[in-house]
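Undergrad: Got a structure here, written out as structure tokens. Questions coming.
Each value in this text was obtained by applying a stated rule to the coordinates, not by laboratory testing. What you see is a predicted model, and the numbers here were worked out from it, not measured in a lab. Note: ideal-geometry Cβ built from the backbone for every residue, glycine included; neighbour counts use all protein chains shown.
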Amino acid sequence: MAAVSADLLFERTRQKREAKEQHLSGRKHWREIARPNQIPPEGRWRIWVRMCGRGEGKTRSGAETTLEKVRAGYKHICILAPTFADGRDVCVEGESGILACALPGEIKAWNRSMGEIYFSTGAKAKIFAAVEPERLRGPQHDWIWADEAGTPQYTENVLDMALFGLRLGQEPQMMVTTTPRNTAVIRRLKAMEGVVITAGRTRDNFQNLAPGIVDELERRYAGTRIGQQELDGILLEDVEGALWTSDLIDPHRALKLPSNIVSIAVGVDPSVADPERKKNPNKEMDACGIVVCAVSDDHQGWVINDLSGVMHPAQWSKVAAGAYNHYRAGVIAAEGNQGGELVKMAIHAVSPNINVQIVHASIGKRARAEPLAALYEQGRIHHVAQDKQGDPDWAHLRDLEDEMLTWEPLISESPNRVDALVWCFDALGLISQGGFRETRRITQAHAHKQDHARAAHAKPWFSQEDEEDEDE
């Protein structure tokens, strides 16, 4: 292939630029064609969430609003997307992205490899990826556009890191554009103060979509859950395909543990080395699931605490051992598919007399979880409150419940807390058919045998925060 001269490349670029400028000169101003729900809300707000159906025009409104903020003097712009490629290909270079919406002369330079836009006002926008939340640690912003915040890549840690950096200027603000999904991040945004939520349907934007496509989609999906979510922009509280719903949990909550508890166990789904983190050190570590449960003599199950978190083995082994001693458990049931003996060694390094049972998964996660979901359907599992200044509170189980309510076995990532919950009740004999009495006898005998050993060898109760403070 013949080489193209620099002069020819320059001429082609000039022609494209002039063609674009000619096209844009006859284009109507965004405010003249935008629908009311695509325009920023009046009054003071910190976060504006546009929760709309697919093809509703979320990207266009995000790009146009970001450009309006640049024109208004905002200078430190964060474009947050599930991945870097999403931010580049959709938010910046897409059909309705920032490059397509910018007026002639507004953009001085676009560094595609770095994901940086330089504006003629002196403002700079940079792409950040939700899959790399640690990159948000340090940079400061006065405007954030977070696209598709309902995707699994957005964790609460991502939201925290973004909001910690939203601290420049007189009125730092954040705009969220997303198709509604019942995730922890979306539920948290709904509950926060200073958040304005606007909705929109796919049909609202039919004139800008392919002819007949909206009618076709509505014929296919009208009246279905996916149609409500993806076309009507409705947030469905219960996730289709999830094994648990709020109706299986809420009616059976307990204010305190009953007096007829016969055994307590700690379930652990260890976090192990992730080969992807070697390629990408900024990738967020998987959480280690640590859940404490009990069983009573009437074969009822009780969920006491969720101590899960992103921890290294030296940290989670201390938290698990601390929970074992604090709650006087009879066993720690830990998954050992990726290094069972190493898991046992890590826990015994903290407290050598702990009864550790290594369990191995021989069937899929859904098949393992279904028997426990059936116990919830029978009303046999109860989530136990903690007393907070005289009021019952279940906040300590919020993350576990979020994972239960949103885990879709066919499409979601591995559920660390749910796995630990399953191993816990399996060790207590509620899941294993006919295993209740045998497990109860073993764990009770081991607990009695260890009464002396606990006093001599048990280390202080540690929380995850204690361990982090100690490291510092």
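Undergrad: For the range 42-108, with only Lys/Arg (+1) and Asp/Glu (-1) charged at the beta-carbon, what is the dipole magnitude about the Cα centre, in debye rounded to 20?
TA: So the magnitude is around 300 debye.
Undergrad: Further question on the same structure: Modelling each spin label as a point 7 Å along the Cα-to-Cβ direction, I'd like the Ala349/Lys124 distance in nm, to one decimal.
TA: 4.2 nm
Undergrad: Please find the FRET efficiency linking Glu193 to Arg366, where r is the Cβ-Cβ separation and R0 is fixed at 30 Å, and quote it to the nearest 0.05.
TA: 0.20
Undergrad: Okay, next question. Would the range 312-387 count as rounded, prolate or oblate if I go by the C-alpha gyration tensor, calling it rounded below 1.5 in a/c and otherwise prolate when a/b exceeds b/c, oblate otherwise?
TA: Oblate.
Undergrad: So, by mean Cβ neighbours within 10 angstrom, what's the order for 114-121, 88-95, 325-332 with the highest one leading?
TA: Going by the mean number of other Cβ atoms within 10 Å, highest first, we get 325-332, 88-95, 114-121.
Undergrad: Here's something else I'd like to know. What is the fewest-to-most order of Leu217, Leu136, Leu430 by other Cβ atoms lying within 10 Å of their Cβ?
TA: Leu217, Leu430, Leu136
Undergrad: Based on the Cβ-Cβ distance from Ile33 to Arg167, what FRET efficiency comes out when R0 is 35 Å, to the nearest 0.05?
TA: So, using R0 = 35 Å, E works out to roughly 0.55.
Undergrad: Of all DSSP beta bridges located in the range 34-230, what percent are antiparallel, nearest 5?
TA: Given both bridge residues lie in the range 34-230, the antiparallel proportion sits at roughly 20 percent.
Undergrad: Once the range 34-230 is represented by equal point scatterers at the alpha-carbon sites, with solvent omitted, what log10 I(q)/I(0) does the Debye formula produce at q = 0.10, 0.15 Å⁻¹?
TA: Relative scattering, expressed as log10 I(q)/I(0), comes to -0.39, -0.90.
Undergrad: Also, quick follow-up: Any idea how far the Cα center of the range 172-187 sits from the one of the range 196-217, in Å?
TA: 20 Å
Undergrad: Quote to one decimal, in nm, the extra length available between Asp215 and Ala72 on full extension: 0.36 nm per residue of separation minus the C-alpha distance between them.
TA: Difference between extended and current length: 47.6 nm.
Undergrad: Can you give me the long-range amide H partners of Ala130? Hydrogens built in the peptide plane at 1.01 Å from N, cutoff under 5 Å, separation of 5 or more residues or another chain.
TA: Long-range HN contacts for Ala130: Ala81, Thr83.
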